[in-house]
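We did not get these values from a lab; they are worked out from the coordinates using the rules stated. These numbers were taken from a predicted model, which means no experiment stands behind them. Methodologically, a virtual Cβ is constructed for each residue, glycine included, from the backbone with ideal geometry; neighbour enumeration extends over all protein chains shown.
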Amino acid sequence: MDWKPLGGRHCGAQTEPIDSPGASVSRSVALQYYLGRSVMSVMRTLLASAGLALLLALATEPSVSAQEAPEWMKQTLPEQALKPHWDESRAVMNPTGALDAKTKQLIALGVAAQIPCAYCVSAHTKAAKAAGATDAQIKEAIATAALVRFNSTMLNGSDGGTEWSPQRK
C-alpha cells in the first residue's frame, strides 16, 4: 500500500493508505478544519479574482476625468478593447456595489502580490489606504493571499489537489 501524510506538520502526522475508503474524506475534512471556512471563502474569491487581476489594477492612476481610462490602459490595450475594458473595470470597481472600495482594493492588493505585479501592489496599497484601510488590514490582506498561495502550491505539488477535493466522492 502507498501511504501519504494526511496533513504534514500543520495537521499532525496522521497517515492513511491513499486507497482506503475514507482517505479522501479524511483529507478533505482535515484541510477544511485546518484552513477554516472563512479562509476557504477567501481562497475561492482570490482564485476567481486572479484572472481579473489586471482589470482590478485601475482607478488608482489619476486620469483627466473619471470617464477616461488611465494612461497605462491606453498604452497597453488594443484600441478596440480600451472602452469595453475601461467600462467593465469601472463597473467592477464601483464602490457602491456589494463590496465597498476598501474591500475591493484589499482583494486586488492580495491578488497583485501573488501574481506578482509591483505596479499593481503599489497602486492598490495607495488606493486601499485612500479608501480607509489600515496598515494592519493591508498586512492581513497580503498574509491571507500568501496563505492561499502556499496552500495552493502544496495541493498542486501533491497531486493537483484531487485527493483533497471536496467534490471528489
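Segment Ile115..Ala146, full-extension length gain: 10.1 nm, with 0.36 nm per residue of separation and the alpha-carbon distance subtracted.
Round to the nearest 0.05 the FRET efficiency obtained for Gln75 and Met154 when R0 = 41 Å and r is the Cβ-Cβ distance.
0.60
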